[in-house]
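Quick notes on the structure that follows.
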Amino acid sequence: MASCGANAATATTSNMKRQNKHYATFCKRKQGLFNKLTELSLLCNVETALFIVSPNDKLYSCGYPNADYVLRRYLCTEKTPQRVNRARFLSKARLSKLNL
C-alpha cells in the first residue's frame, strides 16, 4: 500500500509540470504577440504599445518606437469626445452610400 507522502510528492510533481507547461506557453504566446506588434508598427508606420502582466505579476512591455514613449504620449494628449452613437453612425453611413 502506498503511503500518503508518495501521493503528495506525485501531486506536487504533477503540479510543477503543469506550471512549467503554462509558463512555456505564456512565453511563446508573449513572443508571438510582440512579433505581431512589431510587424504592425513597421508595415503600417504606426506607434504601438503592448503591456502584459504575467501570472507571477511580472510586467512585460513592447512598443514602437518605445512603449513608455507611446504610453506617455497617449496619457498626455487632450481627450476630445469622439463618441458616436450607433443610430447616428448608421444614418451617416446610409447618407454617404446614397451620395455615391
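When each of LYS97, LYS21, LYS58 is tested for being within 24 Å of the chain's Cα centre (by Cα), exposed (fewer than 10 other Cβ atoms within 10 Å of the Cβ) and modelled with pLDDT under 95, the lone residue that passes is LYS58.
Can you find a residue that is within 12 Å of the chain's Cα centre (by Cα), within 23 Å of LEU75 (Cα to Cα) and hydroxyl-bearing (Ser, Thr, Tyr) anywhere in the range 37-45?
No, the range 37-45 contains no residue that is within 12 Å of the chain's Cα centre (by Cα), within 23 Å of LEU75 (Cα to Cα) and hydroxyl-bearing (Ser, Thr, Tyr).
For the range 33-74, the set of residues classified as among the basic types (Lys, Arg) and closer than 22 Å to TYR23 by Cβ consists of LYS36, LYS58, listed by residue number.
Can you tell me how many residues within the range 7-46 are of a type in the set (Gly, Ala, Ser) and either more than 30 Å from LEU71 (Cα to Cα) or not in a helix (DSSP H, G or I) (or both)? Result for the range 7-46: 4.
The values are calculated or read from the model by the stated rules, or taken from the named source; none is laboratory data. Everything numeric here is computed off the predicted structure, so don't read it as measured data. Heads up, the Cβs are rebuilt from the backbone with ideal geometry, glycines too, and the neighbour counts pull from every protein chain shown.
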